[in-house]
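The values are calculated or read from the model by the stated rules, or taken from the named source; none is laboratory data. On a predicted model such as this, the values are computed, not experimentally measured, just so you know. FYI the Cβ positions are ideal-geometry reconstructions off the backbone, even for glycines, and counts take in every protein chain you see. Keep in mind that these areas ignore ligands, DNA and RNA; they rest on the heavy atoms of the full protein, side chains included. Shrake-Rupley method; radii C 1.70, N 1.55, O 1.52, S 1.80 Å.
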Amino acid sequence: MKKIYLILIILFVVLIGIVGATILVVMSLSNESINLFGGEKIAKVYLCNEIYFNYNQDSGLLFGNKKDARYYINLLDRLEKDDSVKGVLLIVNSPGGEVIASEKLARKVAELAKKKPVVVYVEGLDASGAYMVSAPANYIVAEKDSIVGSIGVRMDIIHFYGLMKKLGINVTTIKAGKYKDIGSPFRPMTKEEYEYLQKMINETYMDFIKWVAKYRHFSINYTLKIADGKIYTGEDAKKVGLVDEVGTEETALKKLEELANVSNPEIVEYGLNEDNGLLFKLTYYLGYGIGKGLGEVLYSAGIRDEKILLH
């Protein structure tokens with residue numbers, strides 16, 4: 001009898017383990033269901049966080065891995081190769097992110113849009129690097145009161161030398177390489193250093209301008225006029241040409257079905273199986289930009305306490 005009870009207990013524990021594992025798998029795969037029966041599909045992809053590369057994805061199944069740019073790039077690549085997917089609705093609610101991550105994801109959207117229709121729906125915020133990602137889409141729909149644009153470049157350099165002087169604190173920097181301590185917070189910046197960094201900012205800005213001009217079919221001069229760091233409501237963004245239509249998610253979905261020439265397709269959702277609320281709140285400021293990655297490169301190269309921001 002004891003053996004029977006022991007066996008039952010073991011079976012119960014195993015069953016609980018199987019159920020628990022199944023729940024975790026379902027949680028990790030929620031909103032990313034697989035259509036086992038074929039048929040025409042529309043992929044609805046939620047880009048609702050900052051755009052970055054995360055090399056420390058160790059949060060596990062229970063809490064879901066962070067969806068970095070590589071997740072979206074790989075996802076769009078799969079959707080591009082999936083013949084049952086007739087179009088992609090990219091729902092954007094993002095302040096932007098790292099420069100290289102934004103550029104690579106934007107290039108993937110451009111590649112996908114050549115193969116099958118991509119429609120962007122701006123739900124709340126499509127700023128900076130996020131707009132870079134949106135620009136190559138075949139069509140952009142924005143909510144009337146959404147925020148679009150913030151196209152520009154910014155570098156912030158914090159200086160402490162004034163405060164240090166008052167406190168009687170001195171710093172001696174020993175360096176090899178003329179520009180190794182460029183942007184140091186411990187001394188004033190020279191005119192030559194300022195001009196060097198300004199040149200870098202200008203080049204990055206012009207890359208952004210050319211990208212927007214290419215995919216929105218603007219002249220460079222017109223793009224420079226509207227892409228001066230200004231933010232627009234969805235309605236105003238329509239007036240200047242940054243979006244194609246003011247409308248709702250239903251408007252965007254209807255346009256996508258029209259472009260894809262499908263009716264009543266299966267809708268498959270991607271990118272919702274995590275809580276982005278806190279992250280989005282922390283990054284919901286328009287000056288974040290797409291320059292964080294470049295700022296980190298400069299930091300590792302010797303610049304300290306600066307942020308290069310495309311906003």
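Some observations on this one:
- Peptide ranges 145-154, 254-263 listed from the most packed, as the mean C-beta count within 10 angstrom indicates: 145-154, 254-263
- For the range 148-261, a simple Cβ point-charge model (Lys and Arg +1, Asp and Glu -1, everything else neutral) yields a dipole of about 780 debye relative to the Cα centre.
- Residue-span extension gain [K239 to E111] - 0.36 nm each, minus C-alpha spacing: 43.4 nm
- Mean Cα-pair separation over length for the range 93-183, i.e. relative contact order, pairs under 8 Å, 6 or more apart, %: 26 percent
- Note, ³J(HN,Hα) from phi for the range 169-180, Karplus 6.51, -1.76, 1.60, rounded to Hz, x at Gly and Pro: 9, 10, 10, 10, 9, 9, 9, 10, x, 4, 9, 4
- Karplus-based coupling profile of the range 146-159, in residue order and whole Hz: 6, 10, 10, x, 6, 8, x, 9, 9, 10, 9, 10, 8, 10, with θ = phi - 60° in 6.51 cos²θ - 1.76 cosθ + 1.60 and x standing for Gly or Pro.
- Residues whose placed amide H lies under 5 Å from that of G87, excluding near-sequence neighbours: A43
- The range 111-161: C-alpha gyration tensor shape, a/c 1.5 cut-off, then a/b vs b/c: oblate
- Sulfur and carbon atoms: percent of accessible area, the range 178-266 [1.4 Å]: 52 percent
- N261-M206 pseudo-label distance in nm [points 7 Å out on the Cα-to-Cβ vector]: 4.2 nm
- Placing +1 on each Lys and Arg Cβ and -1 on each Asp and Glu Cβ, with no other charges, gives the range 79-229 a dipole about its Cα centre of roughly 400 debye.
- Among the listed pairs K108/K230; K191/K230; K114/K255, those with a Cα-Cα distance over 24 Å are K108/K230; K191/K230.
- Hz values of 3J(HN,Hα) by residue in the range 252-262 - Karplus curve (6.51, -1.76, 1.60), Gly and Pro given as x: 5, 5, 4, 5, 5, 4, 5, 5, 7, 6, 10
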